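Please read the structure below before turning to the comments.
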Amino acid sequence: MISFFVNGKSRQVDVDPATPLLWVLRDVLDLTGTKYGCGIAQCGACTVHVDGQATRSCITAVSEVAGKKITTIEGLSPDRSHPLQQAWIAEQVPQCGYCQSGMLMTAAELLARNPKPSDADIDDALGTHICRCGTYQRIRRAVHRAAQSVESPAAVGGGAR
Ligand code: FES
Ligand code: FES
């Protein structure tokens, strides 16, 4: 049995310790917001936080997270109220949406350590995430909007474009 915390709740799973965390989240814990893209740490779709660090769950054995705190897209906020989620909606970022939960988790880690990122900082953090729909420009705008909203909460809303 391997124990850890997911989105603030203690969880225990009885699986092979080598099982990728991604499979445990999706297939055992039914948290399907985290996506499988490549399975080899190349696309970022499977990104979650492990003790606050953006981590590719497809190449992380569940045994590596024993005792740790995991946050998935389902745990980013209870009601889509995280500044990034609000900014994503305002900037109409998602197209097919497949890459977006991983993008959001990496963006959340970025803002936690760098509340005012430059375009270069955003590209550096998110540059290894692949979006087949090409939402990169919108993502940059949304990260800036979220950063502004933390300084001035009125900036979050605004009309969709
Ligand atoms: S599925 Fe993990 S990085 Fe692509
Ligand atoms: S929104 Fe479709 S892959 Fe990124």
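Is one or more of the residues making up segment 137-146 under 21 Å from residue 46 (Cβ atoms), modelled with pLDDT of 95 or more and open to solvent by 20 Å² or more (accessible area, probe 1.4 Å)?
The answer is no, given that none of the residues of segment 137-146 is under 21 Å from residue 46 (Cβ atoms), modelled with pLDDT of 95 or more and open to solvent by 20 Å² or more (accessible area, probe 1.4 Å).
Only one of 53, 12 is exposed (fewer than 14 other Cβ atoms within 10 Å of the Cβ), within 15 Å of ligand 1 (Cβ to nearest atom) and not acidic (Asp, Glu). Can you tell me which?
Exactly one of 53, 12 is exposed (fewer than 14 other Cβ atoms within 10 Å of the Cβ), within 15 Å of ligand 1 (Cβ to nearest atom) and not acidic (Asp, Glu), namely 53.
Can you name the condition, by its number, that residue 109 falls short on among (1) open to solvent by 50 Å² or more (accessible area, probe 1.4 Å); (2) of a type in the set (Asp, Glu); (3) closer than 24 Å to residue 42 by Cβ?
With respect to (1) open to solvent by 50 Å² or more (accessible area, probe 1.4 Å); (2) of a type in the set (Asp, Glu); (3) closer than 24 Å to residue 42 by Cβ, residue 109 is out only on (1).
Tally up the residues in segment 1-17 that are modelled with pLDDT of 95 or more and farther than 11 Å from residue 65 by Cα, please.
Final tally of qualifying residues: 10.
In the set 102, 39, 67, which member is within 11 Å of the chain's Cα centre (by Cα) and under 27 Å from residue 4 (Cβ atoms)?
102
When only residues in segment 56-72 that are within 18 Å of residue 100 (Cα to Cα) and open to solvent by 30 Å² or more (accessible area, probe 1.4 Å) count, which is nearest to ligand 1 (Cβ to nearest atom)?
Looking at the filtered set, the residue picked out is 56.
Against the definition (surrounded by fewer than 21 Cβ atoms within 10 Å (Cβ to Cβ), among the polar types (S, T, N, Q) and within 20 Å of residue 104 (Cα to Cα)), how does residue 42 come out, yes or no?
yes
Does residue 95 satisfy being open to solvent by 40 Å² or more (accessible area, probe 1.4 Å) and not charged (D, E, K, R)?
Taking the combined requirement at face value, the residue satisfies it.
Quick one: in segment 80-132, which of the residues that are out of contact with any Lys or Arg (no Cβ under 8 Å at 6 or more places or on another chain) and at positive phi is nearest to ligand 1 (Cβ to nearest atom)?
97
The values are calculated or read from the model by the stated rules, or taken from the named source; none is laboratory data. This one's a predicted model, so the numbers in the text were calculated from it and none came from an experiment. Methodologically, a virtual Cβ is constructed for each residue, glycine included, from the backbone with ideal geometry; neighbour enumeration extends over all protein chains shown. All accessible areas refer to the heavy atoms of the entire protein, side chains included, with ligands and DNA or RNA removed. Shrake-Rupley method; radii C 1.70, N 1.55, O 1.52, S 1.80 Å.
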